[in-house]
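Engineer: Sharing a structure below in structure tokens format, with a few things to ask.
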Amino acid sequence: MGMPITVEVVDSSDSALLSSTFNYFHEIDERYSTYKDSSEISQINHGLPKTQWSTEMQEIMRLCEETKQETDSYFDVEHSGKLDPSGLVKGWSIWQAAQKLLKAGAADFYIEAGGDIQSNGVNSEGKPWLVGIRNPFNTDETIKTVRLNGKGIATSGTYIRGQHIYNPHAPEKPPRGVQSITLIAANVYEADRFATAAFAMGKAGIMFIEKQPGLEGYMIDDAGIATYTSGFNEYVYA
Amino acid sequence: MKKIFIGTIVLATLVIYSLGVRHERPKVGSPVSLSTGSTTNTKTNSAVSTASGSSSTSGSGAATQSQAAAGAYKDGSYTGSTEDAFYGNVQVKVTVQNGKIAVVNFLQYPHTHDTSVFINQQAMPLLQQEAIKAQNAHVDVVSGATYTSQAFVQSLSNALSQAA
């Protein structure tokens with residue numbers, strides 16, 4: 001996926017927890033990177049028949065289809081005949097990695113990959129993890145601080161390496177008007193997939209999120225104005 | 001008819017030329033504070049170690065994104081061209097440390113005047129709005145995307161072409 005990943009575990013000094021987490025993300029990258037010819041997704045895009053797909057890949061594609069149905073087709077992993085499920089795999093894999101940490105006995109940790117975060121428990125000071133929302137106009141600033149209380153958070157926007165989200169209903173036009181949309185959901189998987197879809201909707205995305213139970217959002221538009229859902233303030237720390 | 005035809009071609013050429021020039025010429029915009037509304041951003045960037053480089057806003061916005069991805073740059077701070085982002089001007093300053101992009105700051109970005117900030121209660125009965133402002137709060141971790149737009153890419157490419 002070519003993105004920085006941060007893992008912090010505060011209630012264990014077992015470094016094997018960290019290395020196994022990073023190994024897991026490495027495996028995910030080997031399977032889903034469209035930049036690697038050897039990855040399963042690249043082989044699929046070169047014609048690997050569905051009967052030979054891994055069980056996990058079939059599950060991922062099922063989740064992608066489910067998300068497409070839930071988002072009025074704004075979430076779509078098929079671009080120009082090629083499949084790229086990375087918009088779902090990122091959140092899904094963070095969530096899977098968090099489950100693995102929980103099973104291994106960790107309780108106080110967070111995992112962050114490419115700006116999407118799953119936290120659990122408390123930080124090293126015994127307080128809820130504080131998550132800053134990055135200023136889309138100035139990448140070394142934050143403009144909002146939230147407490148996740150075990151929930152997941154994801155932000156969709158446009159990236160320096162190029163527009164990575166597009167509107168499937170108008171592929172030639174990049175989504176306009178919105179700089180970034182940050183979602184808080186039951187877990188990072190839910191936050192990530194709906195953030196991807198909501199960003200593709202442009203300014204209508206935040207109203208779509210308002211109507212979804214269990215999702216809260218903070219959208220920043222081109223003018224530096226934030227529009228946020230009715231329950232978002234419950235998470236705001238500063 | 002022929003004269004009209006030639007005149008049309010001349011006119012079309014001029015229009016195309018003027019568009020090209022407009023595209024390349026830096027806009028001279030009044031510096032806009034890096035904040036929205038009445039809030040003032042007082043956060044300084046401590047990551048800037050070397051402050052060499054050009055502060056000129058000249059140069060073409062036509063630099064390609066591949067330059068932005070080209071790897072090792074000379075350390076320093078570079079100011080990109082001012083680009084028209086349709087809804088306002090975008091201009092960035094990029095700081096290169098150890099050959100890599102360390103910080104990208106917006107010197108100008110589209111700015112909404114206080115008077116145009118309003119909440120449309122009829123259209124959005126449940127949603128709320130506010131102007132964003134920079135915080136100094138300590139956080140454990142940050143959620144966010146690294147922003148770009150066409151105007152951003154052009155200003156950044158221009159800045160990085162100076163660092164190449």
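Bear in mind that the values in this text are calculations on the coordinates, not laboratory data. Everything numeric in this text was worked out from a predicted model, so none of it was measured. Please note: Cβ atoms are built from the backbone with ideal geometry, for glycine as well, and neighbour counts cover all protein chains shown.
Engineer: Between exposed GluC sites (Glu not before Pro) in chain A, where DSSP calls loop and at most 11 other Cβ atoms lie within 10 Å, what's the longest gap?
Structural biologist: Details: sites that count: A:E125, A:E172.
Answer - A:1-124.
Engineer: With an 8 Å cut-off on Cα pairs and a minimum separation of 6 or more residues, tell me the relative contact order of the stretch A:5-235 in percent. Please list the in-between numbers first.
Structural biologist: Values: 411 pairs, mean separation 37.3, N = 231.
The normalised contact order for the stretch A:5-235 reaches 16 percent.
Engineer: May I ask you to sort A:W95, A:W129, A:W53 by Cβ crowding, counting other Cβ atoms within 10 Å and putting the fewest first? Kindly include the intermediate steps, with their values, before the conclusion.
Structural biologist: Details: A:W95 21, A:W129 24, A:W53 17.
Ordered from fewest to most neighbouring Cβ atoms within 10 Å, A:W95, A:W129, A:W53 come out as A:W53, A:W95, A:W129.
Engineer: Let me ask something else about it. Averaged over peptide A:127-136, how many Cβ atoms belonging to another chain are found within 10 Å of each residue's Cβ? Working shown, then result.
Structural biologist: Values: counts 1, 1, 3, 6, 6, 9, 6, 7, 13, 10.
That works out to 6 on average.
Engineer: Scan chain A and note any complete DSSP helix (H) whose C-alpha atoms cover at least 24 Å along its axis and whose Kyte-Doolittle average is 0.0 or more. Walk me through the intermediate numbers first.
Structural biologist: On the way: long enough: A:15-32 (26 Å, -0.44); A:86-103 (25 Å, 0.04).
TM-like helix candidates: A:86-103.
Engineer: Also: Per the helix-only calculation at 222 nm, which mean residue ellipticity applies to chain A, given -39500 (n - 2.57) for every DSSP H run of n ≥ 4 and division by its residues, nearest 500 deg cm²/dmol?
Structural biologist: Taken over chain A, the calculation gives -10500 deg cm²/dmol.
Engineer: Output wanted: per-residue J couplings in Hz (rounded whole) for the stretch A:206-222, from phi through Karplus 6.51 cos²θ - 1.76 cosθ + 1.60, θ = phi - 60°, x for Gly and Pro.
Structural biologist: Ordered by residue, 3J(HN,Hα) equals 5, 5, 4, 5, 4, 7, 8, x, x, 10, 10, x, 9, 9, 10, 9, 4 Hz.
Engineer: Hey, another quick one. Let me know the charge dipole size of the stretch A:5-235 about its Cα centre in debye, to the nearest 20, where only the beta-carbon of Lys, Arg (+1) and Asp, Glu (-1) is charged.
Structural biologist: Approximately 260 debye in magnitude.
Engineer: Treat the count of other C-beta atoms within 10 Å as a stand-in for reagent exposure and order A:S80, A:S73, A:S15, A:S119 from fewest to most.
Structural biologist: On the way: A:S80 6, A:S73 13, A:S15 9, A:S119 27.
Ascending Cβ contact count within 10 Å gives the list A:S80, A:S15, A:S73, A:S119.
Engineer: Please give the length that would be gained between A:K127 and A:A186 if that part of the chain were fully extended, namely 0.36 nm times their separation in residues minus their C-alpha to C-alpha distance (nm, one decimal).
Structural biologist: Details: separation 59, 0.36 × 59 = 21.24 nm, distance 1.95 nm.
Residue separation times 0.36 nm, minus the Cα-Cα distance, leaves 19.3 nm.
Engineer: Compute the projected area of the convex hull of the Cα atoms of the stretch A:34-146, averaged over all viewing directions, and report it in nm² to one decimal place. Write down the numbers at each step before the final one.
Structural biologist: Details: hull surface 40.8 nm².
Convex hull of Cα atoms, orientation-averaged projection: 10.2 nm².
Engineer: Taking amide H positions as placed in the peptide plane 1.01 Å from N, state which residues far from A:T142 in sequence (5 or more) or on other chains have amide H under 5 Å from it.
Structural biologist: Long-range HN contacts for A:T142: A:N135, B:Q135.
Engineer: Please arrange B:Y73, A:Y189 by counting, for each residue, the other beta carbons lying within 10 Å of its beta carbon, fewest first.
Structural biologist: Working: B:Y73 22, A:Y189 25.
Ranked by crowding around the Cβ, least crowded first: B:Y73, A:Y189.
Engineer: Please compute the net charge surrounding A:I111, taking Lys and Arg as +1 and Asp and Glu as -1 over other residues with Cβ under 13 Å from its Cβ.
Structural biologist: Working: positive: A:K90, A:K100; negative: A:E8, A:D108, A:E112, A:D116, A:D192, B:D140.
The answer is -4.
Engineer: Net charge near A:V188: determine it from the other residues with C-beta under 10 Å of the C-beta of A:V188, scoring Lys and Arg +1 and Asp and Glu -1.
Structural biologist: Here the count lands on -1.
Engineer: Also, quick follow-up: Calculate the mean, over all residues of peptide A:143-152, of how many other protein chain Cβ atoms lie within 10 angstrom of the residue's Cβ.
Structural biologist: Numbers: counts 9, 7, 6, 2, 0, 3, 0, 0, 0, 1.
Across A:143-152, the average partner-chain Cβ count within 10 Å equals 3.
Engineer: What area, in nm² and to one decimal, does the C-alpha convex hull of the stretch A:5-235 cast on average over all directions? Provide the component values of the computation, followed by the final result.
Structural biologist: Details: hull surface 52.0 nm².
Averaged projected hull area, Cα only: 13.0 nm².
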